[in-house]
1. Quick one: putting +1 on the C-beta of Lys and Arg, -1 on the C-beta of Asp and Glu, what dipole do you get for the range 307-424 around its Cα centre, in Debye to the nearest 20?
2. How would T48, T228 line up from fewest to most surrounding beta-carbon atoms within 10 angstrom?
3. Could you give me the ³J(HN,Hα) list for the range 214-231, computed from phi with Karplus coefficients 6.51, -1.76, 1.60 and θ = phi - 60°, whole Hz, x at Gly and Pro?
4. Can you tell me which lysines have their Cα less than 18 Å from the Cα of K285? Leave out same-chain residues fewer than eight positions away.
5. Past the 22 Å Cα-Cα mark, which pairs from K334/K391; K116/K160; K85/K116; K160/K334; K34/K160?
6. Within the range 257-276, name every residue whose backbone N is under 19 Å away from a label modeled 7 Å from Cα of L158 along the Cβ vector.
7. Taking H as built 1.01 Å from N, whose amide H comes closer than 5 Å to the amide H of N180, not counting residues under 5 places away?
8. Going by the alpha-carbon gyration tensor, a ≥ b ≥ c the square roots of its eigenvalues, is the range 1-141 rounded (a/c under 1.5) or, if a/c is not under 1.5, prolate (a/b greater than b/c) versus oblate?
Amino acid sequence: MKNQTKISEYNFEASEFNWEITPGKTIKAWGFNKQLPGPVLRANVGDTLVVRLTNNLKEATAIHWHGIRLPAAMDGTDAMQKPVKPGESFEYRFIVPDAGTFWYHSHTNETIQMEKGMYGALIVDDNNDPVVDGERIFLIDDMKLNDKNEFTKPSWFLSKAIERHDGRQGNTLLINGKENPVVNVNGGQTERWRFINSSSARYFVLHLGGKEFKIIASDGGLLEHPITVREALITPGERIDIVLDFKEGETFPIESLAYSRMTMLVRPKQETFATVKVGVSKPTKAFIPETLRSIEVLAQQDAAVTRKIKFSVDPRIRDQKDFRINDGVHVNDKPVMVGELQVWEVSNTSRMDHPFHLHGFFFQVLEENGKPPAYRAWKDTVNLKPQSTVKIAWMPDNRPGTWMYHCHIIEHHAAGMMAHFDVIDGSKPYEQKPSTHTHHH
């Protein structure tokens, strides 16, 4: 059989443009190809993805491919790539080895660039995907706008510190760059809906007016079996895929239930993002098997811990350095060796939630506060509840270079809750690099 892999090529222009969120409400967005979100990138497992980025913004930028197991040089962070200056271009080229729902976003001056729209979906398909009648992608976001539809910036010290502490949670709720859209579907159908939480800080508890749905995939692709639920938490950076059935004539919201992530000013409340209207029935061809795939167990729950990581927050409201990893900010952590199983104990000593994100690798959650998770899944982002400890396992394959892990509340990452570490090939000499990481404030 001849090799079926192919190259999927895209040209991206990063620029500022007018974007209509809802009729009569236009913002100055930043994004890719004058779309918000950016174009949906699509490829099959094993394809080579080529994205040529030309930067027409007034500041440097770079793209991180969230969840993709790619070479370190293509990860889009300033640890491995000089950000692309205005007027310059850069070609990202990598193989997409895993099926699933992934996304891309700016990894430069993220608190501004992601807030203004620098993100989009990256979907990798596979022949083993369940058969459905239709598929939709939903990127969840919010923006903090004033009454002139301009992005607000906190001006005085205390409001700045509080926004950094809480994370920037907006008053304009967006699904796929639109405010309160209507989603039209046919009755009698079973669809796959892929949800990506692309917001800076919002915790989204997916709820469809009480309707049952099945979770079939998480960050790293399909689960072993569908999980039937009526709600599901999606933290910033996380993805879930669900399947659901529609009855002719029904209407229901895509909403988020209230979730308290223990912020100072942001009050949790139930909010509606979109409305689903179900039209005339059509015949279905969908088939969702009871076994979606098998996931090999990386480590047992009692596996010996190889590294301890601590997220902490200084309870005093300070101007800087209050969001820490391992008691430092933007720290350099010890290297890991290719092929040596990593069992990390990640503890959150603070009184607020933090989504922990590992670049470039999938992990399995072994336990949270001593209890195993409800089901096995490949993850790249996991929520750390206040005063909790999560144990994860992952395997560094042969992709040496500098990687990072951080809190995916963008303001916390910018404030210091981030670390670099090197993956090294044990057969070659290694020299720890000094930290070159800088951050704009």
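No value in this document is a laboratory result; all are computed from the given coordinates. No experiment lies behind these values; they were computed from the predicted model shown. Neighbour counts are summed over all protein chains in view; Cβ atoms, including those assigned to glycine, are modelled from backbone coordinates with ideal geometry.
1. Roughly 240 debye, rounded to the nearest 20.
2. Working: T48 14, T228 9.
Starting with the residue having the fewest Cβ neighbours, the order is T228, T48.
3. Along the range 214-231, the couplings run 10, 7, 10, 8, 10, 3, x, x, 4, 7, 6, 9, x, 10, 8, 9, 10, 7 Hz.
4. K214, K247
5. Flagged as over cut-off: K160/K334; K34/K160.
6. 263-267
7. I175
8. oblate
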